[in-house]
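S.K.: Please read through the structure below; I'll follow up with questions.
The values are calculated or read from the model by the stated rules, or taken from the named source; none is laboratory data. Nothing here was measured: the structure is a model prediction, and the numbers come from that model. Backbone-built Cβ (ideal geometry, glycine too); neighbour counts: all protein chains shown. The protein model used for the area step is the full one, side chains on, heavy atoms only, and it has no ligands, DNA or RNA in it. Shrake-Rupley method; radii C 1.70, N 1.55, O 1.52, S 1.80 Å.
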Amino acid sequence: MAQIIDGKAISTQIKEELKEKVAKMKEAGTEVCLAVIQVGNDPASSVYVNNKKKACEYIGINSLAYELPESTTEEELLALIQELNDRADVNGILVQLPVPKHIDEDKIIKAISPKKDVDGFHPQSVGALCIGQPGFVSCTPAGIIQLLKRSGIEIEGKECVVVGRSNIVGKPMSLLLLRENGTVTVAHSRTKDLKAICKRADILVVAIGKPRFITEEYIKEGAVVIDVGIHRNENNKLCGDVDFEAVEPHCSAITPVPGGVGPMTIAMLMNNCVESVEM
Ligand code: GUN
């Protein structure tokens, strides 16, 4: 039987630690404040934004919510970001993605001050991660490192395979595993013989966005499998990029969907907000 990595429990543990830290900061006269901006009313984004606001409330972080209409212009959004960059009482700024098509996402990401970039999407944050300097780290990959560490899984010297090369997950994930002294391979849609490469992995991180794509044929006996995907299957049940039932008997540890990687993202966002005050 594989160890089921309980992301819900680990994220709760992190949130409790942060709650204590924030209370101590308050006693010392320091408040933490996150500004969350949503443009338009994409239902999935609204759910994410609401969860972020709830997590702030739970931990004791102040949150400013900006729900802007779909018709908001790029100039208006940039002006709001500038205003929040300049506000001393705002520590973190997050623009929920995707933004409407008439707004240039790259321009928005670059407009957020790297000092307040709690998503870790700014090129300066990504560059700092790349060369091992301090800066904000993208929340999902940072959460995966916490899942591994807090489950007692060593990364140093391990064969790590990351499937997927997105800017938000795959690329920063590979850099973080490298920082932890893993031997890292990044596989993607053009990779030849994906099965053979995945089968080398002691630690396999899957972020490809295809439901139950990874079956037992991709798994080395005893591997640790981290599933970043989240989908609804034919029966409207949540599932990941990994075929959990098929893969679980072959690994030493695996994250479930839901309750694995998902809850960690918000916990790490909260962590970044607290760090933004400490930095
Ligand atoms: N949209 C989907 N995931 C994320 C995230 O982590 N941050 C932001 N800002 N938008 C997202």
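S.K.: Residue 4 to residue 27: FRET efficiency via 1/(1 + (r/R0)^6), r the Cβ-Cβ distance, R0 41 Å, to the nearest 0.05?
M.R.: Computed FRET efficiency for residue 4 and residue 27: 0.60.
S.K.: Let me ask something else. On alpha carbon coordinates alone, what is the Rg over Rh value for the range 181-279, Rh being the Kirkwood radius?
M.R.: Looking at the range 181-279, the ratio lands at 1.03.
S.K.: Continuing with this model, one more query. Relative to the longest principal Cα axis of the chain, at what angle does helix 74-86 sit, 0 to 90 degrees, rounded to 10?
M.R.: 80 degrees
S.K.: Still on this structure: Work out the FRET efficiency for residue 101 and residue 166 from their Cβ-Cβ distance, taking R0 = 25 Å, and round it to the nearest 0.05.
M.R.: 0.85
S.K.: Okay, next question. Give or take rounding to whole Å, what are the principal axis extents of the alpha carbon atoms in the chain, in descending order?
M.R.: Here the Cα extents, ordered largest to smallest, are 52, 43, 40 Å.
S.K.: Ok, one more. Tell me the net charge near residue 248. Cut-off is 11 Å between Cβ atoms, residue 248 excluded, with +1 for each Lys or Arg and -1 for each Asp or Glu.
M.R.: Combined, the nearby Lys, Arg, Asp and Glu give -4.
S.K.: Let me ask you something else. Just how many pairs of Lys in the range 189-237 have C-alpha atoms closer than 24 Å, counting pairs that are eight or more places apart or on different chains?
M.R.: So the count of such lysine pairs works out to 8.
S.K.: Turning to a different aspect of this structure: Please provide three numbers in whole Å: the alpha-carbon extents of the range 32-161 along the principal axes, with the largest listed first.
M.R.: 50, 32, 30
S.K.: Sticking with this one: Rounding to the nearest 10 and keeping the result within 0 to 90°, find how far the Cα-based axis of helix 139-150 lies from the longest principal axis of the chain.
M.R.: With both axes taken from Cα atoms, the answer is about 50 degrees.
S.K.: Here is a follow-up. For residue 83, what is the net charge nearby, where nearby means another residue's Cβ is under 14 Å from its Cβ and Lys, Arg count +1, Asp, Glu -1?
M.R.: Net charge in that neighbourhood comes out at -2.
S.K.: While we're on this one: Given Cα positions, please report Rg to Rh for the range 1-104, the hydrodynamic radius being the Kirkwood one.
M.R.: 1.06
S.K.: Relative to the longest principal axis of the C-alpha atoms of the chain, give the angle of the C-alpha long axis of helix 170-179, reported between 0 and 90° and rounded to the nearest 10°.
M.R.: Helix 170-179 sits at roughly 80 degrees to that axis.
S.K.: Just to confirm, what accessible area per residue do you get for the chain at 1.4 Å probe, in whole Å²?
M.R.: Spelled out: the 1.4 Å probe surface of the chain, per residue, equals 48 Å².
S.K.: Between the DSSP loop rule and a limit of at most 14 other Cβ atoms within 10 Å, which GluC sites (Glu not before Pro) in the range 43-135 are left?
M.R.: Here the sparse-neighbourhood loop sites are 70.
S.K.: Skipping prolines and chain starts, which residues have an amide H placed within reach, meaning under 5 Å, of the one on residue 223, given they are 5 or more residues away or on another chain?
M.R.: The answer is 252.
S.K.: Using only helices, what value at 222 nm comes out for the chain when you add -39,500 (n - 2.57) per DSSP H run of length 4 or more and divide by the total residues, to the nearest 500 deg cm²/dmol?
M.R.: Calculated mean residue ellipticity at 222 nm is -12500 deg cm²/dmol.
S.K.: Would you give the gap between the C-alpha center of the range 136-204 and the C-alpha center of the range 10-81, rounded to a whole Å?
M.R.: Going from one Cα centre to the other spans 28 Å.
S.K.: Where in the range 201-279 are there GluC sites (Glu not before Pro) that are in a DSSP coil and have at most 10 other Cβ atoms within 10 angstrom of their Cβ?
M.R.: 221, 234
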